[in-house]
Amino acid sequence: MGVYGIDLGTTNSAIARIDANGRPEVLIGMNGAPTVPSVVLFASAQDHVVGEGARRQARLDPEHVCTLVKRRMGDAEWRFAAHGQQWSAPAVSALILGSLAGDAEFGGGEPVERVVITVPAYFGDEERRATIQAGMYAGFDVAGVLSEPIAAALAYGFGRLDGSIDTGEIAARETVLVYDLGGGTFDATVIELADRRISVLAVEGDHQLGGADWDERIALHLSQRFCADHPDAEDPLDDSVGSQLVVLAAEQAKRDLTTAASTEVVVAHDGVRSVITLTRAELELLTSSLLRRTVDLTKAVIAAAGQRGVRHVDRLLLVGGSSRMPMVAEQLLKEFGLIGELHDPDLSVARGAALYGEKLEMERLVAADLVTRGRLSAGAELADADPRELEASLVRVAESFGQPVGLVRRMIEIQVDTVVSRGFGVLALDPFNGLAASWLVHRNQTLPIRVRRSYGTVRADQDQIELTIVEQQGQAASTRPEDSKVLVEGSIRDIPPGYPAGSEVRVSFEMGFDGVLHVTAYHVDADMPLTLSVQTGATLSQSDVARELDQLQRTRRRPA
Ligand code: AMP
């Protein structure tokens, strides 16, 4: 039973797995397309529609159609209300995941159990947790969350590493810039591909920037033109059905302008219609500031990689459906002198996720094999195994799964190193500045991270310690509390008297490859641990989770 890779996208999603030859393959769903629109229609309190059917229905029933839910991930207060029910972002996402699983079974036969789900590199702790929650809601065992640019690089690099193994050559080191402009998020990442090692050196991004913003700008322009033609008619953007229609027309016009220099858009509203000619040059002018922002972020990521010793970028990979717009490659060529390569921008992320899932699965099987034979202690790393034992185990695992040994070996050998996308720290009392953020984890630091820092109590006989764990918000780490986002608050209470001021409180942050943070703290002399109390508004409460699970069980998927 393999691990499926899922690209849970802002506008489109896809699911992939490894085929019998060890190649990643995207599964074609019931609608015959490799990607499924990440759109959910709540048709009634008991059933829902996901994908193209929901997207089409958006015109007729916009109030019950949820789009761009990925932008809400990590916002625990947000709910989509339909038919008297409330749906959180992980719950809506779970419906999309469930639909992908149905499609995969339709296309591949095997039920989906273990998955790797991709997230934008720029996702912080809460967004990653929300993604894991969505997987759990869908009934999956989430083997890992993987950053999208790493997945894209893996899909690209795997082919390359594959070639190097077949010919026996050692691949040269290559620095790759991944420019990923999707429907709702933008990520720029600098990755180094060395012989069997994929290392993320720097990430930048904005998860409120994507193709949907291009659509909005165009929609605004179309409605202005429509209103100029028909001064007495209602502005289509003032009406929910009207605005959905204009946004859909805008998106189609944008796609048309990827291949054509000019297109005609029909806007019909309030009993009148306009036929509006839109040229590619106009589109580029209307959206130039959006493109500029992606270029600025790309410059910033190159500068951050420069600080880690990168002098030159060898290759530019274009990922995400929106990087198909000619303005993207043109501008990047102008700014950076790099010719962008588009390799299946919509599917490479799902493929890379499947590769990563297969890697995790192979590692798990080889480790289990070695542990069963007493050649590795439980919980130890594969790197600790005796190389001959490891090789023998690879052969056994490959044989039992009918896979080439070279493939299993390659999967296990590929190392993926990544960095954290934001800083994490605590709010601590600083003798000069009052309450200030103290950063334990810094942006672009290599994962996994394990850090420890000690703080002192403020007064003698202090009976309580409050700890506020924060995440960096802006690009630069600032000590001002208002520049950070509170993730969790915790406290150590009822500390007995007798400890002086300055008693040691030791705080440890651990962050694994998935970018999810685990915090522990304790009062060293009193040997008392911190209890984390989940901050209201930061994560879903247990009662919310129970209610949503029940709600999810009761809704049925209606074929699109
Ligand atoms: P993704 O989230 O990667 O699936 O990207 C979806 C985004 O890509 C949406 O905003 C689409 O409008 C946009 N897109 C897809 N195809 C094209 C195209 N041919 N030209 C321009 N934008 C496109």
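Where a number appears in this text, it was derived from the coordinates with a stated rule and is not lab data. This structure is a prediction, so every number in the text was calculated from the model and none was measured. Here the Cβ positions follow ideal geometry from the backbone for every residue, glycine too, while neighbour counts run over all protein chains shown.
Using θ = phi - 60° in the Karplus curve 6.51 cos²θ - 1.76 cosθ + 1.60, the 3J(HN,Hα) couplings for the range 173-180 round to 6, 9, 9, 10, 9, 9, 9, 10 Hz; x is entered for Gly and Pro.
The order of the peptides 96-105, 383-392, 148-157 by mean Cβ neighbours within 10 Å, most packed first, is 148-157, 96-105, 383-392. Residues whose amide H lies under 5 Å from that of I198, counting only those 5 or more places away or on a different chain, are Q415, V416, D417; hydrogens are built 1.01 Å from N in the peptide plane.
Sort 71-81, 214-224 by packing, meaning the average of other beta carbons within 10 Å per residue, with the highest value first.
Values: 71-81: 18.0, 214-224: 20.6.
Final packing ranking: 214-224, 71-81.
Which shape class applies to the range 64-149: rounded if a/c is under 1.5, otherwise prolate when a/b exceeds b/c and oblate if not, where a ≥ b ≥ c are the square roots of the Cα gyration tensor eigenvalues? Can you show the working numbers first?
Working: a/c = 2.05, a/b = 1.18, b/c = 1.73.
Oblate.
Between the C-alpha center of the range 379-423 and that of the range 11-52 there is a gap of 30 Å.
Taking θ as phi - 60° and the Karplus parameters 6.51, -1.76 and 1.60, the scalar couplings of the range 93-108 work out to 5, 4, 5, 5, 4, x, 5, 4, 5, x, 5, 5, 5, 4, x, x Hz in sequence order, x denoting glycine and proline.
Residues with beta-carbon under 13 Å from that of P111, excluding P111: net charge, scoring Lys, Arg +1 and Asp, Glu -1? If you can, show how the numbers build up before the last one.
Working: positive: R17, R114; negative: D103, E105, E110, E113, D141.
With Lys, Arg at +1 and Asp, Glu at -1, the net is -3.
So what is the calculated 222 nm ellipticity per residue for the chain, using -39500 (n - 2.57) for each DSSP H run with n of 4 or more, over all residues, to the nearest 500 deg cm²/dmol?
Values: 13 runs with 197 residues, N = 560.
My calculation for the chain gives -11500 deg cm²/dmol from helical runs alone.
Pairs from the table (K299/K359; K299/K485; K70/K334; K70/K485; K254/K359; K254/K334) lying more than 29 angstrom apart at Cα are K299/K359; K70/K334; K254/K359. For the chain, the dipole from Cβ point charges (+1 on Lys and Arg, -1 on Asp and Glu) about the Cα centre works out to 600 debye, to the nearest 20.
Using alpha carbon centroids, what distance separates the range 326-369 and the range 236-313, in Å? One Cα centre to the other: 24 Å.
Given contacts defined as C-alpha pairs under 8 Å and at least six residues apart, what's the relative contact order of the range 211-286, whole-number percent?
On the way: 98 pairs, mean separation 23.9, N = 76.
Contact order relative to length: 31 percent.
Averaged over residues, the count of other Cβ atoms within 10 Å places the peptides 286-296, 354-364 in the sequence 354-364, 286-296, highest first. One chain, two ends: T520 and M136. Fully extended at 0.36 nm per residue, the span grows by 135.8 nm beyond their Cα-Cα distance. Ranking P500, F106, F513 by how far each Cα lies toward the positive end of the dipole of the chain (charges on Cβ) leaves F513 at the top.
Could you tell me the relative contact order of the chain? Use alpha-carbon pairs under 8 Å, at least six residues apart, and round to a whole percent.
Relative contact order comes out at 16 percent.
If only the Cβ of Lys and Arg carry +1 and only the Cβ of Asp and Glu carry -1, the dipole of the range 332-412 around its Cα centre is close to 180 debye.
Scanning residues 5 or more positions from G423 or on other chains, those with amide H under 5 Å from its amide H are R443, Q472, with H placed 1.01 Å from N in the peptide plane.
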